[in-house]
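Colleague: The following block contains the structure, expressed as structure tokens.
The values are calculated or read from the model by the stated rules, or taken from the named source; none is laboratory data. Here the structure is a predicted model, which is why all the values come from computation and not from measurement. Cβ placement follows ideal geometry from the backbone for every residue including glycine, while neighbour counts extend to all protein chains displayed. Accessible surface areas use protein heavy atoms only, side chains included; no ligands, DNA or RNA. Shrake-Rupley method; radii C 1.70, N 1.55, O 1.52, S 1.80 Å.
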Amino acid sequence: MIRDLIRSVMVGNGVATVILSIALMLFLGFAMTRITKRLRLPDVTAYILTGILIGPFCMNLIPQQVIDGMDFLSDIALAFIAFSTGEFFTLSTLKKNGMKVVVITVLEACLATVAVFVVTYFALGVDLVFSIVLSALACATAPASTMMTIRQTGAHGDFVDTLLQVVALDDVVGLLEYSIAISLALAVSSGSSQLGISGVVTPIAVNLGVLALGMLFGVLLKLMMPQKRGTDNRLIISVSMLFAFCGICALLGVSPLLGCMSMGTVYINLTHDEKLFKQLNYFTPPILLLFFVRSGLSFQLDALTNTAISVGGASLLTVGGVYFITRIVGKYAGAFVGCALVRKPKRVRNYLGLALTPQAGVAIGLAALGARTLGGDTGVALETVILASSVLYELIGPGCAKLSLYLSKSYSNKLEDLVPAEALDENGRPQTAVELLIQRIQAIQKELPRSPVSDDEQAFLEAAEDQLAAFRSFGITRKRRGS
């Protein structure tokens, strides 16, 4: 009854239909997070499940024309994600991390890709084009679940530092692999029996050109952001630059991901302006929510069991299950081998791969782009497999991350492990239990933040204050003119 009432309200007026659909997606996506938080699941899972529930294969609340008209969201959402990734690639960070993290990241990402390709193409007999793109998506990792678990447990140490660095670099490798894979897949699907040198060199040259264009936009963004620029104008300029870059890439028929990442990297290294990234983090949540809900709306549940949609000699349900398991094995094996080569401690080597299980944001966005590029049953199959596996990854990801942190002894529930204390006093005499407790309390007090306002909140408050000052000055000007 409620469904019929909602659909009857939406029918008739195109503008009202679009606005009400967006409002419904935003509100129900938020409402679903109230449930998933109790289950300690990430918000991404809530958004995808919301899209599936209100989509064509369940409640069918959102008209198909609205779903089709929101196709551009994948470009916009991934542009913001890629730009934010550039923040982690300051020269000081790259020098500090050295090559050890690079070796681990490349091995765990590439081994997962190779494992998925070998199993799907050679063992299952899946179509070559589909296998190329699916295997490239296997290397992407979702950092949100892992970082959420680290914050909840208060974990720290070499394992956590290595994990965060690998996760930051992982999406870069994923973007590179996808950009090359989609170009190779298009070359194969065009009917070329042999790729030749041009089939390999051309995708690389295109990606290098996109990287250079992104660097140019990063320089332009810096020039348009003098220190006296107001925070509201800074947000307007940065968003318009990202939109413009996406539009240019759409005209050229290339992916904007690498370019947006290089734009963010150039900007942070030229300006060291971390506040802009924090301001964008306050702007992007509604966009990302709509993107993930829309991904759930596009999820075709019947495609998993529909024999009419096939990508070779195996059903999508079989391909999805094999992909889910093979990627985990490839990630774990690659991280293990990489840590062994760079001589990381046993605790890091044995459990790092377990924390790289989650997969959502970047992979879903790339799958949406790939589905649009490939089209037909291959595109539908690609997005279906990635969405289905992402839901499963996000369900087990937080548990795997917490287990890896526990097994690596990166956190503890014991006070003596959380806050070490000197067993002897200044005179060399053993301290009593009460004295040790007082020492630990004092150490905890020193580590507490002096200000209750975080950096993100401070950036948001400063923007709001500037906006309020602008409104006030506008009102004063009007009064003076009136008098």
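Colleague: Which of rounded, prolate, oblate describes the range 24-183, given a ≥ b ≥ c as roots of the alpha-carbon gyration tensor eigenvalues and a/c under 1.5 marking rounded, otherwise prolate only if a/b is larger than b/c?
Modeller: In terms of gyration-tensor shape, oblate.
Colleague: Still on this structure: Using a 1.4 Å probe over the heavy atoms of the protein chains, calculate the carbon and sulfur portion of the accessible area of the range 351-399 as a whole percent.
Modeller: Percent of accessible area from carbon and sulfur atoms in the range 351-399: 61.
Colleague: Let me ask something else about it. Expressed in nm to one decimal, what extension gain is obtained for the pair PHE72 and MET224 from 0.36 nm per residue of sequence separation less their Cα-Cα distance?
Modeller: Gain on stretching PHE72 to MET224: 52.1 nm.
Colleague: Now a separate question. Hey, how many Å between the Cα centroid of the range 17-41 and the Cα centroid of the range 382-411?
Modeller: What the calculation gives is 22 Å, centre to centre.
Colleague: Provide the gained length on full extension for the span ALA212 to LEU39, in nm with one decimal, where the gain is 0.36 nm per separating residue minus the Cα-Cα distance.
Modeller: Between ALA212 and LEU39, full extension yields an extra 57.9 nm.
Colleague: Right, another one. If a/c stays under 1.5 just call it rounded; otherwise compare a/b with b/c (prolate if a/b is bigger, oblate if not). Do that for the range 201-297, with a ≥ b ≥ c from the square roots of the Cα gyration tensor eigenvalues.
Modeller: oblate
Colleague: Find how much the distance from ALA31 to ILE248 grows on full extension, using 0.36 nm per residue of separation minus their present alpha carbon separation; answer in nm with one decimal.
Modeller: Fully extending the segment from ALA31 to ILE248 adds 74.5 nm.
Colleague: So, R0 is 41 Å and r is the distance between the beta-carbons of LEU341 and HIS272; what FRET efficiency does that work out to, to 0.05?
Modeller: 0.80
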